[in-house]
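Structure, as structure tokens:
The values are calculated or read from the model by the stated rules, or taken from the named source; none is laboratory data. Please read these numbers as outputs of a predicted model, since none were measured by experiment. Ideal geometry is used to build each Cβ from the backbone, glycine not excepted, and the neighbour counts take in all protein chains shown. All accessible areas refer to the heavy atoms of the entire protein, side chains included, with ligands and DNA or RNA removed. Shrake-Rupley method; radii C 1.70, N 1.55, O 1.52, S 1.80 Å.
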Amino acid sequence: MRRVHRIGYSLRRHVTRSDFEGSAGYWNRRYQLGSDSGAGSYGQSAAHKAAFVNRFVAEHGIGSVIEFGCGDGNQLSLADYPRYLGLDVSPEAVRTCRGKFAADETKSFKLVEEYAGERADLTLSLDVIFHLVEDQVFADYMTLLFDAADRYVIVYATNTNRTTPLDRAHVRHRRFTDWTATREGWRLEHQSQRRSPLRRASFFVFART
């Protein structure tokens, strides 16, 4: 318990410092300190996301999935995908996932910088967008997310520019549908009405036109 307290204190101090290292640096440091992907990847929130995506994969005959921002793999442990590639900016997260799923030949993991143009029926962004605090990082991420998808993109995030006093340096909410509205060849097919109690996030499903 004492170690967990020290980790929590270190992370709070890290994300409020004026020399914040940026989104990639924050997450790699977080995993190095022994922390995890956050509350959204555990418990009821994780179960809610898994139920939605697993049902979508089954109902739409999805054969392959690429997730941009796989984190520590706890959310993935609830997933039921025929074939999966997880990418993350954190070497520590990728090492963790490779170890956790070493016996599962249907899953592979890479650093985002190692991405080599792989494509899938479905690409996923779960609880990632509101952690992309830099404008260029956000734009590059969204482009990659949609370019890699052959049929569908599922985003689980908030969709507002509103900030709150509780937001740390590693959180920036965005109305990301302003970006997707300019993306040709895609349409917003579905937006779930049920939102996460943690961040008021919901599912957005985009389909190729």
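Of all residues in the range 122-148, those that are surrounded by 13 or more Cβ atoms within 10 Å (Cβ to Cβ) and free of Cβ contacts under 8 Å to residues at least 60 places away in the same chain total 6.
Selection of the range 73-83 for residues being surrounded by fewer than 23 Cβ atoms within 10 Å (Cβ to Cβ), farther than 19 Å from A149 by Cα and touching a helix residue (DSSP H, G or I) at 6+ places or on another chain (Cβ under 7 Å) yields N74, L78. Inspection of the range 100-111 identifies no residue that is part of a loop (DSSP other than H, G, I, E, B), under 16 Å from the mean Cα position of the chain (by Cα) and free of Cβ contacts under 8 Å to residues at least 40 places away in the same chain. Tell me, yes or no, whether the range 84-95 has at least one residue that is modelled with pLDDT of 95 or more, in a loop (DSSP other than H, G, I, E, B) and surrounded by 13 or more Cβ atoms within 10 Å (Cβ to Cβ). For the range 84-95, residues modelled with pLDDT of 95 or more, in a loop (DSSP other than H, G, I, E, B) and surrounded by 13 or more Cβ atoms within 10 Å (Cβ to Cβ): absent.
Every listed requirement among (1) under 16 Å from the mean Cα position of the chain (by Cα); (2) open to solvent by less than 80 Å² (accessible area, probe 1.4 Å); (3) modelled with pLDDT of 80 or more is met by T180 save one, (1).
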